[in-house]
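In what follows, a structure is listed as structure tokens, so that the remarks can point back to it.
The values are calculated or read from the model by the stated rules, or taken from the named source; none is laboratory data. Bear in mind that the values here come from a model prediction, so they are computed numbers and not experimental data. All Cβ positions, glycine included, derive from the backbone under ideal geometry; neighbour counts span all protein chains shown.
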Amino acid sequence: MSAQIVPRILLNSGQRMPVLGLGTYQSKSDNVKEAVSYALDVGYRHIDTAYSYGNEQDIGEVVQEKIQKGLVKREDLFIVTKLWSTFHKPEHVIPSLKKSLANLQVDYVDLYLVHNPCGFKYTDESNLFPTDADNNVWYDQTDHMDTWKELEKAVDQGLAKSIGLSNFNKRQIERIVQSARIKPANLQVECHAYFMQKPLFDFCKQHGITLTAYGPLGAPTRLFSVNPNDPVLLEDPVVVEIAKLCGKTPAQVLLRYLIQMGRIVIPKSKTTNRIKANFEIFDFEISPENVAKLGGLDRHLRYYPFDWCKDSVEFPFRDSY
Ligand SMILES: NC(=O)c1ccc[n+]([C@@H]2O[C@H](COP(=O)([O-])OP(=O)(O)OC[C@H]3O[C@@H](n4cnc5c(N)ncnc54)[C@H](OP(=O)(O)O)[C@@H]3O)[C@@H](O)[C@H]2O)c1
């Protein structure tokens, strides 16, 4: 299957972002290389990672090998990584991005996101979850605008083609949009059939910001904040029924639905047949009637409540959106 099959969405930076990418959270060296290599062979060109996932180096090795073998071109790839919360202070932003670039063995990333509005105290570059003397999360309150100005400099210096935000709420995004010289091109938030983020999506659209849906399959194997009472999205009877009608799997229906609703999706898998199946979503269409049925599933269910940073003054999910 050709990589050209994945439509691209125009960002306000002028870049074109593939609407399907491979997520890599919880993909470690034993499986991430195989997953990324296979995904590139299948036709994925968009890879989502983050400094905090600890797998940029592995991804960089695979990307470099594929480029050197002439199997992919750097300009066809869309690589996304994220600034971790311990690097919000202006003096840490560009050095942290440069570290990510070195890990990824590239001169620029296509999209650089602020991972989380909650800043943490910088102690050293490997301590991602610093705690104070009482063992509480050690927060840092760098003004988001001061961090954002450094991301703008990263664009000026050619280190990032586009910049954006992740896990920010409307109020936090609005503040950046009002004073930014370079507007955010993309917002990455949890989004799936149980949590379509309609108000935030509409707000972003008004401001020319695209929305990437993380956890698009309902993050069935997430490590944190697992509530055993949460319904399993992939097993929802409405999703299963529509999948049967379409001759597709529940995962394919969930991804296709999000794309039809204007979201960019980054399903994660380390399993080759799933990586391939998750890519095969451009040869069918969910009917308006079934789109409406899927719309009925929306229930503001957060699989990732981020309760580990709920005491931060910038905790984003206190606001309704
Ligand atoms: N910005 C943020 O704060 C943030 C937070 C969370 C996630 N993300 C990004 O978003 C990506 C996706 O989110 P996520 O990984 O949390 O959740 P997800 O993509 O909704 O779900 C991933 C899980 O679903 C399984 N899976 C994949 N394809 C499947 C299929 N076709 N059928 C059945 N199960 C399938 C995977 O298992 P196997 O791997 O075992 O196949 C994996 O355990 C992440 O990897 C990361 O890149 C960003």
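Within region 113-137, residues that are closer than 24 Å to Ile79 by Cβ and in a loop (DSSP other than H, G, I, E, B) have Cβ atoms under 8 Å from residues that are modelled with pLDDT under 95 and among the aromatic types (Phe, Trp, Tyr) in these pairs: Asn116/Phe306, counting only partners at least 6 apart in sequence or on another chain.
Against the test of being free of Cβ contacts under 8 Å to residues at least 40 places away in the same chain, among the β-branched types (Val, Ile, Thr) and within 16 Å of Gly164 (Cα to Cα), the options Ile79, Ile9, Ile67 yield a single qualifying residue, Ile79. Considering each residue of region 148-161 in turn, at least one proves to be assigned to a helix (DSSP H, G or I) and among the aromatic types (Phe, Trp, Tyr).
Going residue by residue through region 302-320, is there one that turns out to be of a type in the set (S, T, N, Q) and under 30 Å from Asp30 (Cβ atoms)? Within region 302-320 (the criterion being of a type in the set (S, T, N, Q) and under 30 Å from Asp30 (Cβ atoms)), the answer is no, since none of the residues qualifies.
Can Leu211 be described as more than 9 Å from the ligand (Cβ to nearest atom) and crowded, with 16+ Cβ neighbours inside 10 Å? Answer is yes for this residue. A residue that is buried (at least 24 other Cβ atoms within 10 Å of the Cβ) and assigned to a helix (DSSP H, G or I) cannot be found anywhere in region 5-16. Evaluated against (1) assigned to a helix (DSSP H, G or I); (2) within 16 Å of the ligand (Cβ to nearest atom); (3) touching a residue at least 24 places away in the same chain (Cβ under 8 Å), Lys293 falls short on exactly one condition, (2).
Between Ala251, Ala213, Ala219, the distinction of being within 19 Å of the chain's Cα centre (by Cα), modelled with pLDDT under 95 and of a type in the set (Gly, Ala, Ser) belongs to Ala219 only. Whenever a residue of region 42-55 is more than 17 Å from Phe129 (Cα to Cα) and near the ligand (Cβ under 7 Å from one of its atoms), its partners that are outside any loop (DSSP other than H, G, I, E, B) and among the hydroxyl-bearing types (Ser, Thr, Tyr), lying with C-beta atoms within less than 7 angstrom and at least six residues away or across chains, give the pairs Thr49/Thr81.
With the requirement that a residue be outside any loop (DSSP other than H, G, I, E, B) and either surrounded by 23 or more Cβ atoms within 10 Å (Cβ to Cβ) or more than 6 Å from the ligand (Cβ to nearest atom) (or both), what does region 215-236 give you? Leu233, Glu235, listed by residue number. If we keep just the residues of region 296-316 that are surrounded by 15 or more Cβ atoms within 10 Å (Cβ to Cβ) and either polar (S, T, N, Q) or more than 12 Å from the ligand (Cβ to nearest atom) (or both), which is nearest to Asn136 (Cα to Cα)? Looking at the filtered set, the residue picked out is Ser312. Hey, any hits in region 27-38 for a residue that's under 15 Å from the mean Cα position of the chain (by Cα), more than 13 Å from the ligand (Cβ to nearest atom), crowded, with 18+ Cβ neighbours inside 10 Å and touching a residue at least 60 places away in the same chain (Cβ under 8 Å)? Among the residues of region 27-38, not one is under 15 Å from the mean Cα position of the chain (by Cα), more than 13 Å from the ligand (Cβ to nearest atom), crowded, with 18+ Cβ neighbours inside 10 Å and touching a residue at least 60 places away in the same chain (Cβ under 8 Å), which makes the answer no. Please work out which residue is farthest from Glu190 (Cα to Cα), limiting yourself to region 237-284 and to residues that are near the ligand (Cβ under 10 Å from one of its atoms), touching a Ser or Thr at 6+ places or on another chain (Cβ under 7 Å) and part of a helix (DSSP H, G or I). Among residues in region 237-284 that are near the ligand (Cβ under 10 Å from one of its atoms), touching a Ser or Thr at 6+ places or on another chain (Cβ under 7 Å) and part of a helix (DSSP H, G or I), the one farthest from Glu190 (Cα to Cα) is Ala277.
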